[in-house]
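Take a look at the structure below.
The values are calculated or read from the model by the stated rules, or taken from the named source; none is laboratory data. Just so we're clear, the structure is a prediction, and the values are computed from it rather than from any experiment. As a convention, Cβ positions derive from the backbone with ideal geometry for all residues, glycine included, and neighbour counts pool all protein chains shown.
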């Protein structure tokens with residue numbers, strides 16, 4: 001039986017609790033998910049970022065500044081983090097026109113938008129909007145149970161409806177710099193969206209491309225969608241790739257991630273051809289790949305990627 005959206009949400013929430021527990025066990029008490037102030041770094045002519053410093057439930061925040069407007073990507077978890085991001089943005093940009101965008105609907109990427117005034121326009125895909133309407137507050141509630149600090153940060157969290165929506169592609173002109181937005185899901189989530197700063201050749205890839213990490217495929221992930229996303233990203237020829245979490249890298253990260261997902265796809269198809277069940281394939285592929293990379297995070301996504309490859313195999 002295929003998982004429902006609600007059962008998929010339960011799986012995601014359980015994975016978050018497991019990940020938080022593993023992080024605590026490996027590094028001691030987990031750090032509070034706080035976006036660091038005074039840590040904004042310029043990575044290209046028009047593009048800045050606030051690195052997550054490998055703190056769980058903190059995203060890599062992007063700030064793109066043009067002559068006429070500024071775009072903030074993934075403003076953090078809750079109003080307090082959003083206020084840090086807004087203050088950091090104001091240090092590097094005096095633009096009155098501000099736009100907000102998110103790589104996907106999870107609370108650490110979205111709910112910081114509550115710190116921005118109504119005049120700041122939120123741009124989002126229709127798919128991501130639907131995901132939030134369907135299960136966004138359930139995700140907020142699940143995150144709130146992880147720690148007292150997260151409960152406090154999300155106490156007033158709620159949906160902010162997008163001012164501008166698009167189905168698959170949208171181009172934003174900030175004045176002298178353009179940002180291409182592309183909805184590529186279902187991958188990590190159904191509405192995963194990437195942002196390419198054209199003049200700087202910087203790609204904010206969300207959870208679709210990672211660095212020294214497994215890819216956290218969601219229960220509804222499609223390997224075909226993932227491969228199409230890699231195709232689109234490579235066509236852009238980025239020189240800098242900023243994942244949703246973890247260290248940045250060069251454009252070579254796309255090929256590295258493609259190779260990893262191709263390995264899952266090839267192995268899943270071979271095992272299916274041997275007559276293995278989908279559950280057996282997911283278990284076998286997960287065991288094999290975690291043995292190769294025992295220290296990589298997000299191993300829970302391997303099984304979903306393998307299941308997708310199995311289902312889509314000819």
- What number goes with the only condition from (1) on the phi < 0 side of the Ramachandran plot; (2) in contact (Cβ under 8 Å) with a residue 12 or more places away in the chain; (3) touching a strand residue (DSSP E or B) at 6+ places or on another chain (Cβ under 7 Å) that residue 115 does not pass? (3)
- Task: Look at region 248-283 and say how many of its residues are more than 30 Å from residue 62 (Cα to Cα) and touching a helix residue (DSSP H, G or I) at 6+ places or on another chain (Cβ under 6 Å).
- Result: 9
- Item | Residue that is nearest to residue 48 (Cα to Cα), among those in region 167-187 that are surrounded by fewer than 18 Cβ atoms within 10 Å (Cβ to Cβ) and in contact with a helix residue (DSSP H, G or I) (Cβ under 8 Å, 6 or more places away or on another chain) | 180
- Any residue in region 289-298 that is modelled with pLDDT of 95 or more, in contact with a helix residue (DSSP H, G or I) (Cβ under 8 Å, 6 or more places away or on another chain) and over 26 Å from residue 61 (Cα atoms)? yes
- Task: Among the residues of region 65-100, write down those that are within 20 Å of residue 216 (Cβ to Cβ) and touching a residue at least 60 places away in the same chain (Cβ under 8 Å).
- Result: 73, 74, 77
- Task: Taking residue 106 as meeting all but one of (1) in contact with a helix residue (DSSP H, G or I) (Cβ under 8 Å, 6 or more places away or on another chain); (2) surrounded by fewer than 22 Cβ atoms within 10 Å (Cβ to Cβ), write down the number of the exception.
- Result: (2)
- Considering every residue within region 141-164, establish whether at least one is buried (at least 23 other Cβ atoms within 10 Å of the Cβ), over 30 Å from residue 309 (Cα atoms), at pLDDT 95 or above and out of contact with any helix residue (DSSP H, G or I) (no Cβ under 6 Å at 6 or more places or on another chain). no
- Query: Is region 148-156 home to any residue that is part of a strand (DSSP E or B), under 26 Å from residue 63 (Cα atoms) and in contact (Cβ under 8 Å) with a residue 60 or more places away in the chain?
  - Reply: no
- Determine which single condition residue 219 fails, assuming it passes every other condition in (1) buried (at least 24 other Cβ atoms within 10 Å of the Cβ); (2) more than 9 Å from the chain's Cα centre (by Cα). (1)
- Checking residue 81 against (1) touching a helix residue (DSSP H, G or I) at 6+ places or on another chain (Cβ under 6 Å); (2) more than 17 Å from residue 159 (Cα to Cα), the condition it does not meet: (2)
- For region 32-77, name all the residues that are surrounded by 24 or more Cβ atoms within 10 Å (Cβ to Cβ) and farther than 20 Å from residue 246 by Cα. 46, 70, 71
